[in-house]
Amino acid sequence: MKIHEYQARQLFRQYAIPVPDDVLCYTAGEVEKAARDFNRMVVVKAQVLVGGRGKAGGVKLAKTVDEAVIAANKILGMDIKGFKVEKVLVADAVEINKEFYVGLTIDRNTKSVLFMASTEGGVEIEEVAKENPAAILKIPIDTDLGMTDFQARKIAFKLFSDINLVKQAVEIFKKLYKLFIENDASLVEINPLVITDKNRVMAIDGKMTFDDNALFRQIDIEALNEPDEDEKKEIAAKDKGLTYIRLDGNIGCMVNGAGLAMATMDVIKYFGGNPANFLDIGGSSSPQKVVDAMNLLMSDKHVKVIMINIFGGITRCDDVARGLVTALDQMKVTIPIVIRLSGTNAEEGLRIISDYNLPTVNSLSEAAQEAIRLCNLVN
Amino acid sequence: MSILVNKDTKLVVQGITGRDGSFHTLKMKAYGTNVVSGVSPGKGGQNLEGIPIFNTVEEAVNLTHANTSVIFVPAPLAADAIMEAAEAGIKLVICISEGVPTLDMVKVTSYLNKKGVKLIGANCPGLITPDEAMIGILPVNIFKKGNVGLMSRSGTLTYLMVSLLTSNGLGQSTCVGIGGDPVAGLYYQELLQMFEDDPETEAIVLIGEIGGDAEERAAEYIKNHITKPVVAFIAGQTAPQGKRMGHAGAIITSGSGTAEEKIAAFEAVGVPVARLPVDLPVILKKLMKLD
């Protein structure tokens with residue numbers, strides 16, 4: 001789960017990591033008031049859950065109240081990589097002498113928490129990682145011990161030479177680690193971490209992602225979730241035990257298992273088709289899950305053909321067939337359906353749907369080709 | 001021979017009285033797996049069709065000599081269950097539970113390393129040595145004894161692949177579902193080496209997916225350490241960036257972790273990658289000179 005910059009800044013404050021003052025605004029009027037209250041240079045920043053806001057024109061400095069209003073009018077409503085800007089942050093634009101990057105993440109390979117720092121702050125760290133990987137310092141942190149003082153000092157001395165700055169940085173690093181662990185984060189970044197003209201070390205921007213699997217014990221973090229329209233649909237599906245991700249094609253897919261669902265999309269693409277979604281109906285699928293899944297697929301107007309690919313393990317093919325039959329009785333399905341069932345109770349499943357005159361095929365490749373053929377007929 | 005599990009496996013089931021735990025325990029036993037005991041705190045003294053149930057793993061190990069554990073407890077309790085098994089002297093733990101917090105797995109990893117205990121999963125379908133032992137939730141009828149070792153991050157995709165292998169006359173030595181989480185137990189490198197060292201395994205199938213760089217690392221490892229033929233498949237060739245494709249670990253971030261990069265890494269070290277599932281047994285047969 002991702003959160004907005006303004007929420008990340010609030011978390012920084014909660015952990016006593018210094019951040020410039022800011023006000024969240026939804027209208028140009030609110031921005032005007034905020035800028036007036038600051039009575040100095042501010043920065044107006046689009047709040048969207050996507051990187052590269054600056055390049056897209058979503059971040060603007062404003063020396064006067066009028067400039068702030070002009071910036072707000074430009075940014076509010078703007079489209080940044082498909083995300084509409086609905087709110088902006090008006091923040092005190094502190095004077096910056098130097099920018100750095102610090103972050104914590106989980107390293108899959110060493111299976112540990114990794115502390116990262118770089119003197120190349122303010123730019124996308126992924127680009128630094130690609131072009132100059134040596135510029136990123138990395139220290140694995142033993143979660144039994146936590147971040148030790150000497151580790152924090154070691155990194156701080158690589159970034160700063162002034163002991164006063166080192167001391168401030170050490171405090172910030174340790175607090176950042178605490179924030180990471182206590183909230184089950186999977187990524188926490190301060191980018192940039194800056195030295196101001198008053199020789200203070202401050203966090204100017206933050207990016208945070210949290211572990212979805214841990215949200216059950218992170219109620220306060222879960223409350224920060226602001227899903228967009230597609231994500232709301234995904235969350236509603238999740239409540240029904242379905243994993244759904246909308247894509248831009250027209251072949252609606254229903255599959256059991258994430259790997260098989262991905263492979264199904266791949267095979268459709270391989271033969272020249274275009275999947276409308278990723279939909280994993282999960283393990284023990286009751287007939288009701290299949291009904292819910294059919295409803296979900298039919299609610300997408302782009303779907304021209306439905307392709308069902310089930311490999312029964314825990315999932316029983318007869319359960320899937322019963323659900324499908326129930327769905328077909330309940331709702332008016334006017335688009336073609338292609339079905340591939342194999343594994344546990346496949347024969348019974350096929351018998352149950354045999355009265356419904358639905359095309360069944362034996363292999364995944366055949367199913368994809370048949371779905372594409374039917375899709376082309378509709379077009 | 002085979003790897004990790006065989007006729008000598010003595011299995012304890014943690015969470016044996018739960019809905020999934022009891023159902024799959026009986027399936028494992030019916031397949032011939034030596035299930036010696038179960039654990040369910042507060043239900044010690046009961047039994048499941050003759051399998052004795054204990055309150056703690058320690059008792060199960062002391063009284064039934066279990067050497068391997070499989071975990072079916074709810075995800076929030078899984079890390080504790082894994083550590084309990086390790087503390088009790090279990091040498092191999094298989095965690096089926098789905099949705100274990102990543103930081104729990106980081107802590108568990110550090111604990112298991114100190115104890116010298118091997119883990120498979122979490123969020124995995126388990127493993128099987130055909131005709132000897134199945135541990136987990138695998139549909140046993142698709143497997144057949146043979147010489148192909150298989151490892152996979154996915155569940156049902158593995159079933160599809162295995163059924164394609166079996167229907168093409170390619171039996172399996174051991175098949176391991178390593179799980180779809182970002183931080184998991186035994187991974188490609190360890191398993192590749194085990195299959196390399198196993199005299200019964202003649203060829204290896206690796207089924208990966210998008211996210212992380214474990215496949216790229218596996219490719220590097222194969223180049224330097226593996227002499228047996230390897231064929232790979234990567235799911236998620238058409239997955240969009242930034243979307244978690246069901247598995248917590250299956251996400252393309254900032255352009256890295258893509259199927260394209262993984263396929264290129266394998267092909268660069270001479271490991272063929274099947275573009276369609278149905279191609280995999282064909283490629284494998286050629287490499288094994290069975291055609």
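What follows is calculated from the coordinates using simple rules that are stated; it is not laboratory data. The model shown is predicted, which means the values in this text are computed figures rather than measured ones. Glycine gets a Cβ as well: all are built from the backbone with ideal geometry, and neighbour counts include every protein chain shown.
Observations on the model:
- For the protein assembly as shown, the calculated P(r), taken from all Cα-Cα distances in 20 Å bins from zero up to the bin holding the longest distance, is 17, 47, 30, 5, 0 percent.
- Rounded to the nearest 20, the size of the Cβ-charge dipole of the stretch B:139-287 about its Cα centre is 440 debye, with Lys and Arg at +1 and Asp and Glu at -1.
- Scaling against 2.2 N^0.38 Å puts the C-alpha radius of gyration of the stretch B:139-287 at 0.96.
- Once backbone amide H atoms are built at 1.01 Å from N, A:I337 has A:I306 as its partners under 5 Å, excluding neighbours fewer than 5 places away on the same chain.
- Cα-derived Rg over Rh, computed across the stretch A:303-379 with Rh taken as Kirkwood radius: 0.96
- Only Cα pairs under 8 Å and 6+ residues apart enter the sum, and on that basis the relative contact order of the stretch A:21-93 stands at 47 percent.
- Gyration tensor (alpha-carbon) shape descriptor, the stretch A:21-93, a/c threshold 1.5: prolate
- Tilt relative to chain A, helix A:28-38 - C-alpha long axis, 0 to 90 degrees, to 10: 30
- Prolate/oblate/rounded call for the stretch A:242-379, Cα gyration tensor, a/c under 1.5 rounded: rounded
- Distance from the stretch B:12-39 to the stretch A:102-147 (C-alpha centre basis), Å: 42
- Per-residue Cβ neighbour rank within 10 angstrom, fewest leading, B:H247, B:H24, B:H225, A:H302: B:H225, A:H302, B:H24, B:H247
- Our summary of shape: the Cα atoms of the stretch A:78-201 have principal axis extents of 45, 37, 32 Å, ordered from largest down, in whole angstrom.
- Charge dipole (Cα centre; +1 on Lys/Arg Cβ, -1 on Asp/Glu Cβ; no other charges) of chain B amounts to roughly 340 debye.
- Among the GluC sites (Glu not before Pro) within the stretch B:1-79, those in coil by DSSP and having at most 13 neighbouring Cβ atoms inside 10 Å are B:E49.
- Average beta carbon contacts from partner chains per residue of B:43-55, 10 Å cutoff: 0
- The stretch B:11-121 - Debye-derived log10 I(q)/I(0), Cα point model, q = 0.10, 0.14, 0.18, 0.22 Å⁻¹: -0.24, -0.48, -0.80, -1.18
- Dimensionless Rg ratio for chain A, taking C-alpha atoms and the 2.2 N^0.38 Å reference: 1.23
- Using the Karplus relation 6.51 cos²θ - 1.76 cosθ + 1.60 with θ = phi - 60°, the per-residue 3J(HN,Hα) values for the stretch B:15-23 come to x, 6, 8, x, 4, 5, x, 5, 4 Hz, with x marking Gly and Pro.
- Placing +1 on the Cβ of every Lys and Arg and -1 on the Cβ of every Asp and Glu, with no other charges, gives the protein assembly as shown a dipole of roughly 180 debye about its Cα centre.
- DSSP bridge orientation in the protein assembly as shown - percent antiparallel, rounded to nearest 5: 55
- Each principal axis of the Cα atoms in chain B has its own extent, and those three values, largest first, are 56, 42, 31 angstrom.
- For residues of A:309-316, the mean tally of beta carbons on other chains within 10 Å: 5
- Listed residues A:N132, A:F115, A:Y26: farthest to the positive end of the dipole of chain A (Cβ charges): A:N132
- By other beta-carbon atoms within 10 Å, ranking B:K286, A:K98 with the fewest at the front produces B:K286, A:K98.
- Counted by neighbouring Cβ atoms within 10 Å, the residues B:M28, A:M307, A:M298 run from fewest to most as A:M298, B:M28, A:M307.
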